[in-house]
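A quick write-up on the structure given underneath.
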Amino acid sequence: MSYLYAAYIATWIIHVGYLGTLLRRYTRLKREIQEFNRREET
Amino acid sequence: MKRVFPILAVLTAALLSYALFQALVAAPTEQSMGDVQRIFYYHVPSAWTAFILFFINFFASIAYLIWRNTKADIVALVTAEVGVVFCTVVLVTGPIWARPVWGIWWTWDLRLTLTLVLWLIYVSYLVLRRFSSSGQTPLLAAVLAVFGALDVPLVYFSIWFFRTQHPQPVIGGGGSIDPRMLHILLINWLAFSCFAALVCWSRYRLEALQREVDETLALEALLEPRSSRTGTSQTGRTR
């Protein structure tokens, strides 16, 4: 049973880890856009 | 489209939960392997999803080589990235399944080795895209992807034409499967396919937006020295 749970947990760690990197990239891009807009306004 | 995404995300989460329940609780226990055989419901759909993504990457790369279409280039990048994630799942769950069944974590069997080579090809594709700053990067990546995709049928058919440690395919091959197991396998595949499609969609939007921002910043950097030379203010320039 431990092998079964290890496989399922590993699968979701990989997927959640990848989603985490996407979220981090999105946050960075959002910050870049905000900075750009602020520069444009001044 | 922005309103549709959360609805699809909730539906996919529900489908994944249902598929998980089916795999862990509802599926019959296999006689010889016992419960560990349930890894099959994650391992096989992940492999199929990765193959489909690599095939989409292949066609998008050909489309880019023919038409130099930016959207095709983004689709190629996105499908390679998500494909690598699913291929990683296959390479991780496979040894975890092999250990209690074969007694070993890994063997340099043809199917396993070709799958590892496939993963390495697409990782190198992503490394090329990430670290090459040449204007020819999308073109080089597309050529690499076209050759890399040749490994997908080799991986799939390796167990048909060669004697390997890996079991025969359960659909259309020498293996057989209980209809209930097949049903649950297909539910899991559908769930993972929907999940992959949603992730690809999000990644596509992110990449398209990133390129838009990069182009704007590059344009701004190009215009800045001229405005400083001519003495015009930053706000006074035409875009």
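The values are calculated or read from the model by the stated rules, or taken from the named source; none is laboratory data. Quick caveat: nothing in here was measured; it's all calculated off a predicted structure. Positions of Cβ are backbone-derived with ideal geometry, glycine not excepted, and every protein chain shown enters the neighbour counts.
For the reader, a short list of remarks on this structure follows.
- Residue that is at pLDDT below 95 and closer than 16 Å to B:Val155 by Cβ, where the choices are B:Leu53, B:Leu118, B:Leu110: B:Leu110
- Taking residues in the range B:85-105 that are within 9 Å of another protein chain (Cβ to nearest Cβ) and surrounded by fewer than 20 Cβ atoms within 10 Å (Cβ to Cβ), and partners anywhere that are part of a helix (DSSP H, G or I) and of a type in the set (A, V, I, L, M, F, W, C), the pairs with Cβ atoms closer than 6 Å and at least 6 places apart or on different chains are B:Val92/A:Ala10; B:Pro100/B:Val36.
- Within the range B:26-43, considering residues that are of a type in the set (A, V, I, L, M, F, W, C) and within 12 Å of another protein chain (Cβ to nearest Cβ), the one farthest from the chain's Cα centre (by Cα): B:Met33
- Scanning the range B:128-141 for residues that are within 24 Å of B:Val90 (Cα to Cα) and surrounded by 12 or more Cβ atoms within 10 Å (Cβ to Cβ) turns up B:Leu128, B:Arg129, B:Ala141.
- Filter result for B:Leu110 (surrounded by fewer than 22 Cβ atoms within 10 Å (Cβ to Cβ) and over 19 Å from A:Ala6 (Cβ atoms)): yes
- Checked against (1) under 24 Å from B:Asp178 (Cα atoms); (2) surrounded by fewer than 19 Cβ atoms within 10 Å (Cβ to Cβ); (3) aliphatic (A, V, I, L, M), B:Ala47 passes all but condition (2).
- Where B:Ile66 falls short, out of the listed (1) surrounded by fewer than 21 Cβ atoms within 10 Å (Cβ to Cβ); (2) in a helix (DSSP H, G or I); (3) within 12 Å of another protein chain (Cβ to nearest Cβ): (3)
- Summed over the range A:22-42, residues that are more than 16 Å from B:Leu209 (Cβ to Cβ) and assigned to a helix (DSSP H, G or I) total 4.
- Filtering the range A:14-31 to residues that are of a type in the set (Val, Ile, Thr) and either surrounded by 14 or more Cβ atoms within 10 Å (Cβ to Cβ) or facing another protein chain (nearest Cβ under 9 Å) (or both) leaves only A:Ile14.
- Residue count for the range B:1-15, restricted to those that are within 20 Å of B:Thr79 (Cβ to Cβ) and either at the interface with chain A (Cβ under 10 Å from one of its Cβ atoms) or touching a residue at least 60 places away in the same chain (Cβ under 8 Å) (or both): 4
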